[in-house]
Amino acid sequence: MEKVMIIGLGNIGQEYDQTRHNIGFDVLDAMAKKYAFTFQQAHFAFYASAKIKGRQTIFIKPTTYVNLSGTALAYWLQKEKVSIDKCLVIVDDLSIPIEQVKFKPQGSHGGHNGLKHIEQVLQTQNYCRLRFGIGNNFSQGKQVDFVLGKWTQQENPLIQLKIDYCCNAIEKFSSTPLQHLMKEINSHVF
């Protein structure tokens with residue numbers, strides 16, 4: 001049976017916990033809680049493996065920091081012998097409103113440095129990503145502060161709903177045709 005790999009982008013270190021840029025880590029942590037698995041520190045990443053809906057699923061939280069995520073992804077794809085089309089990257093996205101999550105089966109990095117590095121290392125744009133909208137509610141010149149900032153108290157209930165929704169999307173990833181998954185996710189507004 002083919003394996004599936006889920007990679008959640010984020011930065012290691014307590015100062016990045018619960019920040020917008022670490023939503024990939026947060027979604028994978030929610031999956032770990034739901035399915036009672038734990039991450040182990042491994043080469044370039046925190047690594048876990050679990051059976052999700054009958055499919056062996058590899059979970060990767062890179063320790064390379066977001067902007068060098070391609071290094072970890074390339075290593076684990078090769079080590080676990082997972083095809084790039086069976087890989088889903090979970091990432092924050094400034095260009096998507098906070099009330100939305102978008103699924104994209106391929107395409108450009110859209111200015112996201114983590115996706116840019118993945119594209120550079122893998123030499124392809126043909127990998128799936130689950131783009132977690134964080135909105136763009138920041139003043140000119142304050143993008144980095146916003147992305148590395150923590151969710152507000154008012155945002156937290158919505159973020160938890162979206163994290164749960166992303167967990168459901170991960171469960172469907174290996175068994176649902178990509179076009180159906182894209183239509184379902186991209187039409188949903190919280």
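The values are calculated or read from the model by the stated rules, or taken from the named source; none is laboratory data. Because the structure is a prediction, the values reported are computed rather than measured. As a convention, Cβ positions derive from the backbone with ideal geometry for all residues, glycine included, and neighbour counts pool all protein chains shown. Each accessible area value is taken on the protein alone, full model and side chains, heavy atoms only, with ligands, DNA and RNA left out. Shrake-Rupley method; radii C 1.70, N 1.55, O 1.52, S 1.80 Å.
Coordinate range of the alpha-carbon atoms in segment 1-68 per principal axis, descending: 37, 23, 17 Å.
Using r as the Cβ-Cβ distance of GLN120 and HIS43, and R0 as 22 Å, what FRET efficiency do you calculate, to the nearest 0.05? Write out the running numbers ahead of the final one.
Numbers: r = 20 Å, r/R0 = 0.90.
That gives a FRET efficiency of 0.65.
Looking at segment 62-190, the accessible area is 50 square angstrom per residue; that uses a 1.4 Å probe and ignores ligands, DNA and RNA. So what's the net charge close to LYS172: Lys and Arg +1, Asp and Glu -1, counting the other residues with Cβ under 9 Å from its Cβ? Result for the neighbourhood of LYS172: -1.
Taking 20 °C and 1.002 mPa s as the conditions, I'd like the Stokes-Einstein D for segment 138-188 in µm²/s, using the Kirkwood hydrodynamic radius from alpha carbon pairs.
Numbers: Rh = 13.2 Å.
Diffusion coefficient, whole number: 162 µm²/s.
In this Cβ point-charge picture (+1 for Lys and Arg, -1 for Asp and Glu), segment 124-178 has a dipole of about 120 debye about its Cα centre. For segment 18-60, the solvent-accessible area of protein heavy atoms averages 46 Å² per residue (probe radius 1.4 Å; ligands and nucleic acids excluded).
Using the Stokes-Einstein relation with a Kirkwood hydrodynamic radius computed over Cα pairs, the translational diffusion coefficient of segment 49-129 at 25 °C and a viscosity of 0.890 mPa s comes to 183 µm²/s.
A Förster distance of 25 Å, applied to the separation of the beta-carbon atoms of GLN78 and VAL144, puts the FRET efficiency at 0.20. Only lysines eight or more places from LYS104 in sequence, or on another chain, were considered; those with a Cα closer than 16 Å are LYS86, LYS116, LYS172, LYS183.
Can you tell me which of 56-66, 118-128, 178-188 comes out highest on packing, and rank the rest after it, using the mean Cβ neighbours within 10 Å?
Values: 56-66: 23.0, 118-128: 16.3, 178-188: 14.0.
Taking the mean over residues of other Cβ atoms within 10 Å, the ranking is 56-66, 118-128, 178-188.
Note that the chain, at 25 °C in a medium of 0.890 mPa s, gets a Stokes-Einstein diffusion coefficient of 150 µm²/s from its Kirkwood radius over C-alpha pairs. Accessible surface of the chain, 1.4 Å probe: 49 percent of it comes from carbon and sulfur atoms. Once the Cβ-Cβ distance of MET182 and SER95 is raised to the sixth power relative to R0 = 25 Å, the FRET efficiency obtained is 0.90.
What you get for segment 66-174, charging only the Cβ of Lys and Arg (+1) and of Asp and Glu (-1), is a dipole of about 220 debye around the Cα centre. Using only side-chain charges placed at the Cβ, +1 for Lys and Arg and -1 for Asp and Glu, the dipole size of segment 66-121 relative to its Cα centre rounds to 200 debye.
Relative to the dominant Cα principal axis of the chain, helix 113-122 is inclined by about 20°.
Once Lys and Arg get +1 and Asp and Glu get -1 on their Cβ, which of GLN14, SER83, PRO62 lies farthest toward the positive end of the dipole of the chain? The Cα lying farthest towards the positive end belongs to SER83.
Reported to the nearest whole Å, the Cα centre-to-centre distance from segment 121-145 to segment 34-101 is 16. For segment 90-112, the residues whose backbone nitrogen is under 11 Å from a point 7 Å from the Cα of LEU161, taken along Cα to Cβ, are 99-100.
Karplus-derived 3J(HN,Hα) values for segment 17-32, using 6.51 cos²θ - 1.76 cosθ + 1.60 with θ = phi - 60°, are 4, 6, 8, 4, 5, 9, 4, x, 4, 4, 5, 5, 5, 5, 5, 4 Hz; glycine and proline are entered as x.
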